[in-house]
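**Q** Would you mind keeping the following structure in view while I ask a few things?
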Amino acid sequence: MRSYPTNSPAAIARLIAMAMLADGRLDNREIDWINHHDTAAMVGVDRETLIQVLLDCCRDVITEAEQERVFLLEDARLARLADDITDRALQKVALSAMLIIAKADGAVSDGEGPLLRYLMQRWGLPVDELLAA
């Protein structure tokens, strides 16, 4: 996967893209949510940038898949992405946005849940602190 500057809006946008891809497919309800709500502004990017980062993330996964089997939610990948966000406030913003997107299709999926839990654990963010954000 391509790299983005630490604590950048693009790094947060990529985490949102990962949440959208975590269940192995893009759900139209998640895309509709981005199109009709201010999720992009919440993380400091415009909607077009968020969509571009999502497309870039998809391209990166496809490129990796051409070389070998891809495990989207492997610990090494998630650690690299999590380490791109070191600011506590931005971690809360990222997780909040990811949770909103994950719930846009009605439920947190089997892929989205582990991703959210991984980030909460990696960043040391308990649920009650996230809810207070």
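Where a number appears in this text, it was derived from the coordinates with a stated rule and is not lab data. Everything quoted here is computed from the prediction, not taken from an experiment. All Cβ positions, even for glycine, are placed from backbone atoms using ideal geometry, and neighbour counts span all protein chains on display.
**Q** When the chain is fully extended, how far beyond the present Cα-Cα distance does His37 get from Ala89, taking 0.36 nm per residue of separation?
**A** 16.6 nm
**Q** Nearest 500 deg cm²/dmol is fine: what mean residue ellipticity at 222 nm does the chain get from its DSSP H runs of n ≥ 4 alone, each adding -39,500 (n - 2.57), divided by its residue count?
**A** The per-residue figure over the chain is -20500 deg cm²/dmol.
**Q** I'd like to know how segment 8-133 sits against the 2.2 N^0.38 Å rule of thumb: what's its Cα Rg over that expected value?
**A** My calculation over the Cα atoms of segment 8-133 gives 0.98.
**Q** With labels modelled as points extended 7 Å from the Cα through the Cβ direction, what inter-label distance (nm, one decimal) is found for Arg59 paired with Asn28?
**A** In this crude label model, Arg59 to Asn28 measures out at 2.6 nm.
**Q** Shifting gears a bit: At 7 Å along Cα-to-Cβ for each site, give me the label-to-label distance between Thr6 and Met120 in nm.
**A** Calculated label separation equals 2.6 nm.
**Q** I need the GluC sites (Glu not before Pro) found in segment 44-133, filtered to DSSP loop residues with at most 13 other beta carbons within 10 Å of theirs.
**A** Hits after loop and neighbour filter: Glu68, Glu74.
**Q** Quick check for me: using +1 on Lys/Arg Cβ and -1 on Asp/Glu Cβ, what's the dipole size of the chain about its Cα centre, in debye to the nearest 20?
**A** Dipole of the chain, to the nearest 20 debye: 180 debye.
**Q** Additional query: Checking understanding here: applying a Kyte-Doolittle mean of at least -0.5 and a length along the axis of at least 20 Å (C-alpha), which whole DSSP H helices in the chain pass?
**A** Helix filter hits for the chain: 47-67, 88-103.
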